[in-house]
1. Counting Lys and Arg as +1 and Asp and Glu as -1, what is the net charge of the other residues whose Cβ lies under 10 Å from the Cβ of Gly141?
2. If the label point is 7 Å along Cα→Cβ of Ala144, which residues in the range 222-241 have backbone nitrogen under 15 Å from it?
3. Under a plain spin-label model, where a point goes 7 Å from the Cα along Cα-to-Cβ, how far apart in nm are Lys96 and Ser66?
4. If you keep only loop residues by DSSP, which GluC sites (Glu not before Pro) in the range 259-343 have at most 12 other Cβ atoms within 10 Å of their Cβ?
5. Show which aspartates and glutamates lie in cross-link reach of Lys274 when reach means a straight Cα distance below 18 angstrom and same-chain residues fewer than eight apart are skipped.
6. If neighbour count is taken as other Cβ atoms inside 10 Å, put Tyr110, Tyr300 in order from fewest to most.
7. Name the long-range amide H neighbours of His76: under 5 Å, sequence gap of 5 or more, or other chain; modelled H, no Pro or chain starts.
8. Full extension from Ala115 to Lys274: what is 0.36 nm times the residue separation minus their Cα-Cα distance, to one decimal in nm?
Amino acid sequence: MADFHNMSRRGFIKAGAAVLGLAALEGHLPSQAQASTPGSAPAKVWYCPKITPQTLLSLYDKVCGSISGKVAIKLHTGEPGAPNLPPRELARALVKHIPLASIVECNVLYPSRRAQTASHRKLLVENGWTFSPVDIMDEEGDVAIPVPGAHAFFEETWGKPGVTGPFTPGNHLREVHVGKHLLNYDSLVVFTHFKGHPSGGYGGSLKNIAIGCASPRGKREQHGDGWIKGELFQEHMVEAAKAIVGHFAPRICYLNLLMNMSVDCDCAGMSAAKPQCPDLGILASTDLAAIERASVDMVYAMPEQQKKALVERIESRKGLRQLAFMEIFGMGNGAYELIRVDG
């Protein structure tokens, strides 16, 4: 494997391609020219190829500097029998390690036992989430939080060179409804099982907070009438995520677990496809755009047969739009320094 220590994003791509015998990958990814802060220093993304409770906690300690007070740990608890869920001991270690921490979830929009709080709670027990209280944040309703800078963004950005997409001023979110209990927390730790997704192409930290913290009403705001997919859905998720980030910043950090990476989300339950990718490790950052790009870059750097299904899922759903729009919308720095930690 390439030596990823202190390696830039472009260095990672080139090294991965050289070691694995791949062609250049830049053409598959959104251009860094759209980074939100031109000339700024690359964001730091910490990486460990070993997946253990100890390495997870070591990476968390690298990025937890602003985390304080009552802490929400947002993760995906899964449908019945979901075969690709991360080992529970990882989440257990994280909850134990962080003072005043609770796992948080929201009810879902689609038909499921997770759509109603009572049946959702029973499923949490069945799926092994018994070592910590799980706060179903919309149990007592929801509340709208604003998308920071939405009006200014559309007024200043629309029509400028290099700004693309199906959006038009007025068609995007100005606010998003989230579980009311979200307001009870001071900090947010986003612990994400990175994998494919039927609507988003891939599900990373962005999707974990945009959809995962939204109440069913907030989920419908993002999916729209007719359950939209593609670029418009990606942009809606970015806007919803910006509301979450704006609410917590700087008391928010991200942990992406690149393990059991099926083309399907954990919401698929027992029908989720078997992963064809190897487990790659854990990434950690305080920059949402950076950790999402680093995760996607690592997928694209795998050998063709290992990455083929997941890349097809990402590209067929226009999933790379998430990355480009995050940077256009000021959600972080797509240029990153990947810093390897060996455990």
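Please treat every number below as a calculation from the coordinates, not as lab data. These numbers were taken from a predicted model, which means no experiment stands behind them. Note: ideal-geometry Cβ built from the backbone for every residue, glycine included; neighbour counts use all protein chains shown.
1. Summing Lys/Arg as +1 and Asp/Glu as -1 gives -2.
2. 222, 240
3. 3.0 nm
4. none
5. Partners within reach: Glu79, Asp264, Asp266, Glu304, Glu312.
6. On the way: Tyr110 12, Tyr300 20.
Listed from fewest to most nearby Cβ atoms, that is Tyr110, Tyr300.
7. Amide H neighbours of His76, under 5 Å, 5+ apart: His193.
8. 54.7 nm
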